[in-house]
1. Looking at Leu104, is it at pLDDT 80 or above, of a type in the set (A, V, I, L, M, F, W, C) and not in a helix (DSSP H, G or I)?
2. Only one of (1) modelled with pLDDT under 85; (2) of a type outside the set (Val, Ile, Thr); (3) over 30 Å from Ala111 (Cα atoms) fails for Lys19. Which number is that?
3. Name the single residue, out of those in region 129-166 being within 24 Å of Ser99 (Cβ to Cβ) and of a type in the set (A, V, I, L, M, F, W, C), that is modelled with the lowest pLDDT.
4. Quick one: in region 107-120, of everything that is outside any loop (DSSP other than H, G, I, E, B) and within 16 Å of Ser48 (Cα to Cα), which residue is most open to solvent (accessible area, probe 1.4 Å)?
5. Out of (1) of a type in the set (Phe, Trp, Tyr); (2) surrounded by fewer than 14 Cβ atoms within 10 Å (Cβ to Cβ); (3) in a helix (DSSP H, G or I), the odd one out for Trp78 is which?
6. It is to be established whether one or more residues within region 22-44 are within 25 Å of Asp116 (Cβ to Cβ) and either at pLDDT below 85 or open to solvent by less than 40 Å² (accessible area, probe 1.4 Å) (or both).
7. So, of the residues in region 92-101 that are of a type outside the set (Lys, Arg) and assigned to a loop (DSSP other than H, G, I, E, B), which turns out to be least open to solvent (accessible area, probe 1.4 Å)?
8. Is it the case, given these coordinates, that Gln89 is assigned to a helix (DSSP H, G or I) and either without any contact (Cβ under 8 Å) to a residue 60 or more places away in the chain or surrounded by 11 or more Cβ atoms within 10 Å (Cβ to Cβ) (or both)?
Amino acid sequence: MKKKCSQCKEVKPFEHFGKNKQGRHGLRADCKNCAKEHRRKPEVYSRSMFIYMHQRCRNNPRYSDYAPNFTWSEFQDWLATSSYAALYQEWRGRGYPRSHSPTLDRINNQAGYTLDNMQVITFRDNLTKDNPDAKLTPDAVRQIRATAGTRTQRELAKEFHVSRYTIHKI
């Protein structure tokens, strides 16, 4: 019996496919050679594919206006010209903390995911970009605590560019 590989599109005998209980005929969809090539691809490829698929799978009606309108190959070309590789290497060097993982950010949040409306930034930067209260460093918190008795909350909030509520909570 023969089967068509989902990757190389060649028709090959069953023995050229790995086992998979859930697959058709109990075999993988891709042949052993293609599976081997996929495993050889660098981790950078895997993370970028995850980002791409995450954007493609946003089928929630709430996000229907923001669904991406580009193909995987267009996305790969765009990533090659962005800061993705550098951010990925930094993330990897730090031991893969979530705060430094590369993510996609829409430059204009009112527009959808298009190649000219996206940038690659870290998860932390994406989280804090519109929230000044989240940008307080531990040193700033210590400095606020040290001067809290001598200055008003309003003065501290103005100096550190945060809300008075944030000063109050510190």
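1. Yes, satisfied.
2. In the conditions (1) modelled with pLDDT under 85; (2) of a type outside the set (Val, Ile, Thr); (3) over 30 Å from Ala111 (Cα atoms), Lys19 misses (1) alone.
3. The extreme case among them is Ala134.
4. Among residues in region 107-120 that are outside any loop (DSSP other than H, G, I, E, B) and within 16 Å of Ser48 (Cα to Cα), the one most open to solvent (accessible area, probe 1.4 Å) is Gln119.
5. Evaluating Trp78 over (1) of a type in the set (Phe, Trp, Tyr); (2) surrounded by fewer than 14 Cβ atoms within 10 Å (Cβ to Cβ); (3) in a helix (DSSP H, G or I) leaves (2) as the failure.
6. yes
7. Once the filter is applied, the top-ranked residue is Ser101.
8. Considered against the rule, which asks whether it is assigned to a helix (DSSP H, G or I) and either without any contact (Cβ under 8 Å) to a residue 60 or more places away in the chain or surrounded by 11 or more Cβ atoms within 10 Å (Cβ to Cβ) (or both), Gln89 comes out as yes.
The values are calculated or read from the model by the stated rules, or taken from the named source; none is laboratory data. In this text, all values refer to a predicted model and were calculated from it rather than measured experimentally. Positions of Cβ are generated from backbone atoms using ideal geometry, with glycine treated the same way; all protein chains shown enter the neighbour counts. SASA here: full protein model, heavy atoms, side chains in, ligands and nucleic acids out. Shrake-Rupley method; radii C 1.70, N 1.55, O 1.52, S 1.80 Å.
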